[in-house]
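The values are calculated or read from the model by the stated rules, or taken from the named source; none is laboratory data. These numbers were taken from a predicted model, which means no experiment stands behind them. Quick reminder, even Gly has a Cβ in these numbers, built from the backbone with ideal geometry, and neighbours come from all protein chains shown.
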Amino acid sequence: MFNQVTVNHMRSAWLNACFLLSAFVISLLPGASFAQDKIYKTNKTVIEAKVTEINASEIKYKKFSNLNGPAYIVPRKEVSMIVYENGEKEIYNQGQTTQDPNAKMGANGKGSLGANSSIDQARNFILNENINGGIATYAKLISSDLNDPLLLAEDAYALALGGIYDAALMRLDLCRNMGAITPEINYFTSQVFALMGYNDLANEYWKASDINKAPTWIFSKSGLLLQKYKSKSPVSKTKSREALIANFKHANELASQNLYFQSIALFHDIVTTYPNEYLPYVGYSITLEKTGAFEKSAESIEKAISLIGNTADDNAKKQLLEKRLATIRQNMTLLPSPYSTPVKTKLEQSEHPQMMAYAGGMVAPSLINVNGRIGYFVSGASNASLDFSVMKMDSTSYSNVGLSVYSQKNGFVSGAGIMMNSGSGNTNFSFKLSVGYSKMNKSRTSSIDIFVDVNKGLKKDAMTTAIMSIGTSFYFGKR
């Protein structure tokens, strides 16, 4: 499978190929199950188990290493979280300690959290270095709102300050799977890795700039907190060759379930402990790329290529990895890292107004109609425009001018407005209603439009017209 550190040990070519293939299909695999349930205790220990029963006061389980053995019991008050084999999580007493499981710290370090825990309280706990109080308060806030990505990111930071790294990474994965990418979340992601001792990852996920600014509430204190609570040495779970193989498999399983930050931390541990094995660098690169860390992803593939030999089989592997490297570099150009430039939300992308113009008409034996519009549109949504038209019917000419608002959804367009009509020496006002269909071109710069415009005069004896027109809209900027 893997060499430990020597280079003269010959590995089976077919086995290497299988491992390499498994690494490349990580992103295509359906969710694979975890090998076991994990019971996280409040004293930061983890039990690999098969949970059999949970009641109001205790949790019963069997050791995963001996499923046919005796049943064990752990008091529920000593458990902070359970992660089941399918990835489902249950959170209990995060932030407490087994020495005093009932102690819930207030802002002054004493008393109860109370019923009005707020984000300000949680932040004050952190700033006052009451880490357990901060963790408990964030846990209470999250229990009532699991859909706030910034709250999850701040909780990840608090957990990392407390040395609960696995749970912190789980929070970051929840943020990522919500599609949340903001400077604040990127900052806390970087801080979690820095607290774990992974400085290279911390630098990858946070690059300060005029746009990327650290959250004001923590910026002045984060350096001191990092210095005090940073792991004395990088967190490592890979102590032996057997652990190397098991952790490589587990990192792949995590990645297949879109738990990329957990996978990244495990791959980082593997390549740091065993830097001369090329396969972990391949999986590491894939998970890094999935989170937009393109520079580090490319660096990992380059390292993998440098560790491969020069046999015919090795050269084939190199060619495959070089193609992947070229793709990553292309993505670096086409898809800049979200950690260097914040990604705009859909709302931010769509609300920039741009000019549009429409020209169309209809010709019939007794009718000639030419109409147009000039206005602004909000990309993919609606536009407001100045409408005008000239119509000749029999020997009489009419002209219209007015203001309308149009909305589009799935190609169908509807609009309404007020028009001023002139003809036969008379001037009056009418209400205009338009319905139609718009077919956009591939470059999204113009469209072919078919409209039916109904003008209903506001006076009792005013004329009502319904006219179809076919024309083209031009967008000065992609719609």
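Here's the yes/no breakdown for (1) acidic (Asp, Glu); (2) more than 23 Å from residue 38 (Cβ to Cβ); (3) without any contact (Cβ under 8 Å) to a residue 40 or more places away in the chain:
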site	(1), (2), (3)
122	no, yes, yes
128	no, yes, yes
131	no, no, no
134	no, yes, yes
143	no, no, no
150	no, yes, yes
153	no, no, yes
164	no, no, no
168	no, no, yes
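Residue count for segment 196-249 under the criterion of being modelled with pLDDT under 85 and among the β-branched types (Val, Ile, Thr): the result is 3.
Within segment 247-262, restricting attention to residues that are free of Cβ contacts under 8 Å to residues at least 40 places away in the same chain and touching a helix residue (DSSP H, G or I) at 6+ places or on another chain (Cβ under 8 Å), the residue that is surrounded by the fewest Cβ atoms within 10 Å (Cβ to Cβ) is 247.
One line per residue, one yes/no per condition, for (1) over 17 Å from residue 385 (Cβ atoms); (2) touching a Gly at 6+ places or on another chain (Cβ under 9 Å); (3) at pLDDT below 80:
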residue	(1), (2), (3)
406	no, yes, no
414	no, yes, no
439	yes, yes, no
456	yes, no, no
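On the given criteria, is residue 456 touching a residue at least 12 places away in the same chain (Cβ under 8 Å), over 12 Å from residue 371 (Cα atoms), touching a Leu at 6+ places or on another chain (Cβ under 8 Å) and part of a strand (DSSP E or B)? Yes: the conditions hold for residue 456.
Inside segment 353-372, residues that are under 20 Å from residue 407 (Cβ atoms) and either at pLDDT 80 or above or not assigned by TED's automatic domain parsing to the domain that holds residue 386 (or both) make up a count of 6. Checking each residue in segment 272-299 for being part of a helix (DSSP H, G or I), in contact with a Lys or Arg (Cβ under 9 Å, 6 or more places away or on another chain) and over 27 Å from residue 333 (Cα atoms) picks out only 273.
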